[in-house]
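Data first, discussion second: the structure below is written as structure tokens.
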There are 2 protein chains.
Amino acid sequence: MPAERPIGVFDSGVGGLTVLRALAAALPEEAFLYLGDTARLPYGTKSAESVVRYATQCAGALIDRGVKALVVACNTASAAALTALEARFPEIPVIGVVEPGAAAAVAASLSGHIAVIATEGTIRGGAYRAAIERLRPAARVTGISGQVFVALAEEGWTEGPVTDLVAHRYLDQAFAGSDGPDTLLLGCTHFPVLAPALRRVVPQTAMLVDSAATTAAAARELLGLRGLRRQIPASSPRLRFLATDGPERFARIGSIFLGSPLAAGDVELIDV
Amino acid sequence: MPAERPIGVFDSGVGGLTVLRALAAALPEEAFLYLGDTARLPYGTKSAESVVRYATQCAGALIDRGVKALVVACNTASAAALTALEARFPEIPVIGVVEPGAAAAVAASLSGHIAVIATEGTIRGGAYRAAIERLRPAARVTGISGQVFVALAEEGWTEGPVTDLVAHRYLDQAFAGSDGPDTLLLGCTHFPVLAPALRRVVPQTAMLVDSAATTAAAARELLGLRGLRRQIPASSPRLRFLATDGPERFARIGSIFLGSPLAAGDVELIDV
């Protein structure tokens, strides 16, 4: 498994580009191959069985293309499929976003009362609750299913009155009262682009955390332990993109999440 | 092709239940088999090629189960795949929602200026514009892509301040000025449940039309012409439901669109 190979990253669509951005910053020598399974997005409303099947196919497509490690940059897929992926692909390290996100939230919270906002599938599966309680058994976890945020993020409505109102609707009740959460974990890779709007709605003292930076740190550590870090910077392009549907839409919406411009010609259409 | 067979109806998910409801009312003798392709929803953001493939698989699954006619209760699939379905399945009548919706809008509009609000895929494909212009060549068509409405309808947020604000954001500009549209065509099967909220946002004199009632009328006429109308009322249950993923979610969210209660046990999970 030569260290020069790219790191594979996949998500149901473009949300995982927030994780790719953090990975690229934390691992400046590495090259990345990103797969957005846009033909079957969103995963967040699908059953766990379907998500496991899709995630296994995405991982297989990336491994066929020679990646040396796999980052599951999708909360729903991390929650539902990480164990299945580790069992199916024992030859490479597999890193999800749930454990790093839970660790970030536990580190940020003083009171131990943590709110998690995520897709319906992630909340229903309870993976964040379980991961937080493993790290801090006395923690109190309030789960909030925030499906409309996904649509707002994809529409590019990251600021403005609609976003504020939806944020109030999802969050006000959870943060009301003196024993409300002191930390809000953004448990969906779409949500970091909404962070400025969410910050205005939660109490000033509350901490906002997401999985992107801690996942990148976890990936760096694991690659180092396994002797898989590149020694020489990768040549351009460091980032390559695959999608299972609609390269134009991937590029247009993806730019919001990656934080830098993407053209449809940068995105290769594949079947998985 | 015995007239006793059910009528097949399919959609990417639960939105098409607004069409099923109209069909069941217009054709009280008939039985219906509804398929929601929930494993791959939404179609509205997918490429035309993917939508044609999915629609062909859905139609095949219903025809394998003996339906005598096919209603494509999804605007995106009607726009992208109706011609392909007619060519592939010449043995049965295939009815889409685009032509009936366009006919309803043309009948309702005095000025000939018609706004269509639909998913990104439907607007991009231009099928409504083409269908309206075939019926009324001098018509002026304003297309509005309203993806966030899909999320609001699925979340059950059919009324309230968020819905009002999103409606203003999508519609105010199109309806401003003295030469604005006099008709708003709801070009997505999710949107009829939002009609009361939309009515408050468009000018009082504007007409709101959707495809459900006219599609049901078109289906009734076509079945009659082909001698496929049932003579004796179908025995219970008149409505049967198939889904490719998540029967619980299908039943819960589907109740909003069908307008009557649905239980997960009423929904059979299938692969297509």
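Only the coordinates and a few stated rules stand behind these numbers; no lab work does. Keep in mind that what you see is a predicted model, and the values were worked out from it rather than measured. Cβ coordinates were reconstructed from backbone atoms using ideal geometry, including for glycine residues, and neighbour counts include every protein chain displayed.
Mind checking which pairs have a first residue in the range B:247-272 that is closer than 20 Å to residue B:57 by Cβ and a second that is surrounded by fewer than 22 Cβ atoms within 10 Å (Cβ to Cβ), Cβ under 6 Å, 6 or more apart or different chains?
Close Cβ pairs (under 6 Å, with a partner that is surrounded by fewer than 22 Cβ atoms within 10 Å (Cβ to Cβ)) amount to B:247/B:264; B:247/B:269; B:267/B:251; B:272/B:57; B:272/B:61.
For the range A:72-95, which residues satisfy the criterion of being in contact (Cβ under 8 Å) with a residue 40 or more places away in the chain and either polar (S, T, N, Q) or closer than 22 Å to residue A:220 by Cα (or both)?
Initial filter on the range A:72-95 (in contact (Cβ under 8 Å) with a residue 40 or more places away in the chain): A:72-80, A:91-93, A:95.
A:72, A:73, A:74, A:75, A:76, A:77, A:78, A:79, A:91, A:92, A:93, A:95 - these are the residues of the range A:72-95 that are in contact (Cβ under 8 Å) with a residue 40 or more places away in the chain and either polar (S, T, N, Q) or closer than 22 Å to residue A:220 by Cα (or both).
Applying the selection to the range A:117-136, what residues are within 10 Å of another protein chain (Cβ to nearest Cβ) and touching a residue at least 24 places away in the same chain (Cβ under 8 Å)?
Passing the criteria: A:120, A:121.
In the range B:153-204, what residues are loosely packed, with under 14 Cβ neighbours inside 10 Å, within 13 Å of another protein chain (Cβ to nearest Cβ) and either among the basic types (Lys, Arg) or in a helix (DSSP H, G or I) (or both)?
Matches in the range B:153-204: B:172 only.
For a quick check of your reading of the model, give me the residue pairs whose first member lies in the range B:205-232 and is farther than 20 Å from residue B:16 by Cβ, whose second is charged (D, E, K, R) and surrounded by 19 or more Cβ atoms within 10 Å (Cβ to Cβ), with beta-carbon atoms closer than 6 Å and at least 6 apart or on different chains.
B:206/B:182; B:228/B:68; B:230/B:30
Right, residue B:214: surrounded by fewer than 23 Cβ atoms within 10 Å (Cβ to Cβ), away from chain A (no Cβ under 14 Å) and over 20 Å from the mean Cα position of the chain (by Cα) or not?
Values: surrounded by fewer than 23 Cβ atoms within 10 Å (Cβ to Cβ): yes; away from chain A (no Cβ under 14 Å): yes; over 20 Å from the mean Cα position of the chain (by Cα): no.
The answer is no for residue B:214.
Name the helices (runs of 4 or more DSSP H) wholly within the range A:1-116 that hold at least 1 residues that are surrounded by fewer than 24 Cβ atoms within 10 Å (Cβ to Cβ), within 14 Å of chain B (Cβ to nearest Cβ) and among the hydroxyl-bearing types (Ser, Thr, Tyr)?
On the way: elements: A:17-26, A:48-64, A:75-88, A:98-108.
Filter on the range A:1-116 gives A:48-64.
Of everything in the range B:223-249, what is out of contact with any Phe, Trp or Tyr (no Cβ under 9 Å at 6 or more places or on another chain), in a helix (DSSP H, G or I) and surrounded by 15 or more Cβ atoms within 10 Å (Cβ to Cβ)? Give them in sequence order.
The answer is B:223, B:249.
So residue A:139 passes all but one of these: (1) of a type in the set (A, V, I, L, M); (2) within 13 Å of chain B (Cβ to nearest Cβ); (3) surrounded by fewer than 22 Cβ atoms within 10 Å (Cβ to Cβ). Which condition number does it fail?
(2)
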